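Let me begin by presenting the structure, written as structure tokens, before commenting on it.
No value in this document is a laboratory result; all are computed from the given coordinates. Note that the coordinates shown come from a computational prediction; the quantities given were computed from them, not determined experimentally. When we count neighbours, we look across all protein chains shown, and the Cβ atoms used for this are built from the backbone with ideal geometry, even at glycine.
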Amino acid sequence: MTPLPIALPRGQRLALYAALAVLTLSGIGWLVATWGSDDAATGASRLAAAWCLRVHGIAAYAALVVVGSILPMHARPGWYRQRNRRSGTVLVALLLWLAVSGLWLYYGTEDAHQRVSLLHWIAGLALPVWVALHRLWGLRARRRRGSGRRKTGVQQSMNGHRPGTGAAGASPDRLANKND
């Protein structure tokens, strides 16, 4: 069985970056719209905050779908190959905290709302930085291992066999003579 590649396919990587960009920008937009606001906040800032939260919620669902698709194809093989484990573990912990705290902020009681909200902001602002570091460290490690170029799907499916050589690298002529 051919091992799964660890590097994310381009489309999946772009989907992740897009979801994280929308989440980050809508979260920052909400922070700006509500920063220092009190009950006398303007209608415009309340409207902006409400729209930022709507966009943030929709982007959160998209991010959960993208991250869910990444776990079996990227995180699991990376874990078993012992690659980028520390940064990947922190990344998964950040994502889990953001998902749980986001649900808490939406459905939870008001008792811990301010503390959970503050921790959600901190994790949310740290996430894009940590994703960039995780990618950078992964690329650096790949260069050190000497596999700087990523194999294409055809190269991976060949699994080390040269074209036209038959099973396990034997030439077709030798295979024909063996069967006589």
(message) Quick one: 3J(HN,Hα) in Hz for the range 131-141, Karplus 6.51/-1.76/1.60 with θ = phi - 60°, rounded, Gly and Pro as x.
(response) 4, 5, 5, 4, 5, 4, 5, x, 5, 4, 5
(message) Using Cα-Cα distances under 8 Å and only pairs 6 or more residues apart, what relative contact order does the range 10-157 have, in percent?
(response) 23 percent
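Given a Förster distance of 41 angstrom, what is the FRET efficiency for residue 133 paired with residue 113, based on the Cβ-Cβ distance and rounded to 0.05?
Numbers: r = 30 Å, r/R0 = 0.73.
Efficiency at R0 = 41 Å is approximately 0.85.
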